[in-house]
């Protein structure tokens, strides 16, 4: 996943009773394959996120 500041990302869930997470990218940290993100999630908290295969950018 390659996102830019301001992009909205979605983390899908493999668990049926869990909702997918959505957040806004506040900062891109690192380059290339080492890229990770500071994200403000829909519940208002912020964290550094290392994307996995379940993440994508909303188009």
*Size descriptor, Kirkwood hydrodynamic radius, that averages inverse alpha-carbon separations across the chain, Å*: 11.6
*asked:* At R0 = 25 Å, how high is the FRET efficiency between residue 15 and residue 58 if r is their beta carbon distance? Nearest 0.05 is fine.
replied: 0.75
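FYI, it's all coordinate maths here, none of it is from the lab. Keep in mind it's a predicted model, so treat the numbers as computed, not measured. With ideal geometry, Cβ positions are generated from the backbone for all residues, glycine too; neighbour counts draw on all protein chains shown.
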